Amino acid sequence: MTTSHSIPIWRTYLSSPVRRQTHLEVANLLKSGRMVDGPLTERLEQTVQSAFDRHAVAVSSGMDAIELLFEAAEVRGRDVLIPANCFPSIPALADQLGARPRPVPVDPVHLAMAEHVPELAADALRPIVVWVHHAGMVAPYARRTITTLRASGHTVIEDCAYVLSGDHPADGPGTWGDMALFSYAPTKPLSGNGGAVALLRDAADAEQVSTRRSHSGQEHRWLGGDRFHRGRAITEFDAAVAYWQWHHRADTRGALHRLAATYTGLFGSSNCLALPIGRTAQDTWGRFTVDLATAAIARQARERMAKNGIATSVMFDLPWSGYSALSRAQPVENDLLELLQRTVCIPYHPTMRIPDVHRVAEFVTDALIQGGPQ
Ligand SMILES: Cc1ncc(COP(=O)(O)O)c(C=O)c1O
């Protein structure tokens with residue numbers, strides 16, 4: 001049995017134009033010694049701001065973006081509605097900031113919050129809804145539901161950590177809620193060393209997020225009762241990488257589009273329902289997730305792929321409310337557990353070769369068509 005994976009799920013890839021352009025800027029940066037709060041951060045913010053037509057604040061990570069957005073939304077004492085299939089750090093952060101995280105059921109096709117979330121929000125205490133576009137999948141009802149939530153006076157934060165934006169993002173995901181975030185961590189579709197950007201509709205909130213990134217020079221805020229634990233500014237190095245990855249994102253999208261078309265073509269030609277009816281590949285996807293019908297089939301198929309050097313993962317082993325640190329929230333439903341365990345991420349990265357897509361698809365198809373891997 002081999003344990004090293006020759007086909008990873010994701011590989012951080014900086015194309016040669018991205019490397020070349022970043023390289024020149026980093027050389028200048030090292031000479032200037034200005035590591036944060038410089039022209040590269042400002043350029044990234046201005047570019048993202050004009051692309052989305054929202055205020056943009058570059059920060060040190062996706063989690064720091066969420067923290068700053070929670071702080072701007074004055075999260076303490078509020079209910080925070082979070083999809084049950086979410087990264088547990090988000091409910092843990094809400095809890096730490098004095099809010100009450102509440103799990104929301106998810107739709108098995110798009111793995112997004114269920115469409116009836118406005119009904120759940122109706123009896124919540126001044127709710128903040130964290131709408132996660134899971135794996136970069138954008139549910140067909142996402143925009144409509146987010147608009148309904150906002151129209152009822154609820155705050156919506158769109159988590160676009162895995163969303164790969166198109167050429168004209170101003171009407172797309174990230175612009176529907178009150179606030180949003182995109183991450184540039186190494187596992188995300190525009191991968192770098194790290195960093196993120198927060199988008200906001202409200203200028204005063206954006207100003208607050210911007211000024212609260214730094215933990216130095218804040219004496220006047222300390223005097224006013226505020227507190228700062230650490231700096232949350234993006235480094236100039238990360239801002240340079242993120243900018244060039246953003247600038248060349250059409251290349252990343254083109255490469256991923258070819259992989260997705262090959263996967264879907266192969267699944268379609270063997271009548272394999274790895275993508276459940278209604279889950280159509282989108283250029284926004286940062287992960288390719290298939291539904292392997294049952295947790296048992298998924299387990300077997302993953303073991304077999306691992307033996308053949310193909311990495312897979314489930315996004316989450318448990319709903320976040322299943323972890324002891326967060327279990328105050330609510331009991332875990334069995335059908336959700338089964339959904340998580342049969343939902344498998346398969347390799348999908350810009351440098352993946354088409355013959356490797358065929359190899360992976362064969363394992364998936366065998367698992368589903370022939371009643372399990374041979
Ligand atoms: C849905 C989601 N939101 C936010 C984050 C946090 O992003 P970062 O790694 O940049 O802190 C992650 C991290 O994987 C994530 O999966």
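The values are calculated or read from the model by the stated rules, or taken from the named source; none is laboratory data. Please read all numbers here as calculations on a predicted model, not as lab measurements. Neighbour counts are summed over all protein chains in view; Cβ atoms, including those assigned to glycine, are modelled from backbone coordinates with ideal geometry. Accessible surface is based on the protein model in full, side chains and every heavy atom, while ligands, DNA and RNA are left aside. Shrake-Rupley method; radii C 1.70, N 1.55, O 1.52, S 1.80 Å.
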Check your understanding: Quick one: residue 236 ticks every box in (1) more than 30 Å from residue 337 (Cβ to Cβ); (2) open to solvent by 10 Å² or more (accessible area, probe 1.4 Å) bar one, so which box is it?
Key -> (2)
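Kindly evaluate residue 140 against the criterion of being more than 10 Å from the ligand (Cβ to nearest atom), of a type outside the set (Phe, Trp, Tyr), part of a loop (DSSP other than H, G, I, E, B) and open to solvent by 50 Å² or more (accessible area, probe 1.4 Å). Show your work before the answer.
Details: more than 10 Å from the ligand (Cβ to nearest atom): yes; of a type outside the set (Phe, Trp, Tyr): yes; part of a loop (DSSP other than H, G, I, E, B): yes; open to solvent by 50 Å² or more (accessible area, probe 1.4 Å): yes.
Taking the combined requirement at face value, the residue satisfies it.
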Revision key, fill the gap. Sole miss for residue 186 among (1) buried (at least 16 other Cβ atoms within 10 Å of the Cβ); (2) out of contact with any His (no Cβ under 8 Å at 6 or more places or on another chain); (3) of a type outside the set (D, E, K, R) is condition (1)
Review point. Within region 93-101, is even one residue open to solvent by 20 Å² or more (accessible area, probe 1.4 Å) and acidic (Asp, Glu)?
Key: yes
Study note, to complete from the structure: Restricting region 274-292 to residues that are open to solvent by 10 Å² or more (accessible area, probe 1.4 Å) and in contact with a Phe, Trp or Tyr (Cβ under 7 Å, 6 or more places away or on another chain), the one nearest to residue 13 (Cα to Cα) turns out to be 287
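Within region 73-117, restricting attention to residues that are among the β-branched types (Val, Ile, Thr) and in a loop (DSSP other than H, G, I, E, B), which residue is farthest from the ligand (Cβ to nearest atom)?
Narrowing region 73-117 to residues among the β-branched types (Val, Ile, Thr): 75, 80, 82, 90, 104, 106, 109, 117.
The next check asks that each one be in a loop (DSSP other than H, G, I, E, B); those that pass are 75, 109.
Details: 75: 16, 109: 18 Å.
If we take residues in region 73-117 being among the β-branched types (Val, Ile, Thr) and in a loop (DSSP other than H, G, I, E, B), then 109 is farthest from the ligand (Cβ to nearest atom).
Filter region 55-72 for residues that are among the β-branched types (Val, Ile, Thr) and within 10 Å of the ligand (Cβ to nearest atom) and give the result.
Initial filter on region 55-72 (among the β-branched types (Val, Ile, Thr)): 57, 59, 66.
59, 66, listed by residue number.
Do we have any residue at all in region 189-206 that's within 14 Å of residue 61 (Cα to Cα), open to solvent by 40 Å² or more (accessible area, probe 1.4 Å), within 14 Å of the ligand (Cβ to nearest atom) and touching a residue at least 40 places away in the same chain (Cβ under 8 Å)? It would help to see each step written out before you state the result.
To start, the set of residues in region 189-206 that are within 14 Å of residue 61 (Cα to Cα) comprises 190-199.
After this cut, where a residue has to be open to solvent by 40 Å² or more (accessible area, probe 1.4 Å) as well, the list is 193.
Right, trim to within 14 Å of the ligand (Cβ to nearest atom) and you get 193.
Cutting the leftovers down to touching a residue at least 40 places away in the same chain (Cβ under 8 Å) gives us 193.
Yes, that holds for at least one residue.
Quick one: which helices (runs of 4 or more DSSP H) lie wholly within region 294-374 and hold at least 2 residues that are modelled with pLDDT of 95 or more and small (Gly, Ala, Ser)? Steps first, please.
Details: elements: 295-307, 334-342, 354-369.
Passing ranges, in order: 295-307, 354-369.
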**Study point:** Number of the exception - residue 57 against (1) of a type in the set (Val, Ile, Thr); (2) within 28 Å of residue 212 (Cβ to Cβ); (3) part of a helix (DSSP H, G or I)
**Key:** (3)
Review point. Considering only region 118-137, how many residues are on the phi < 0 side of the Ramachandran plot and either within 16 Å of the ligand (Cβ to nearest atom) or part of a loop (DSSP other than H, G, I, E, B) (or both)?
Key: 12
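Quick one: is residue 312 among the hydroxyl-bearing types (Ser, Thr, Tyr), touching a Cys at 6+ places or on another chain (Cβ under 7 Å) and open to solvent by 10 Å² or more (accessible area, probe 1.4 Å)? Give the derivation first.
Working: among the hydroxyl-bearing types (Ser, Thr, Tyr): yes; touching a Cys at 6+ places or on another chain (Cβ under 7 Å): yes; open to solvent by 10 Å² or more (accessible area, probe 1.4 Å): yes.
When the stated conditions are applied, residue 312 passes them.
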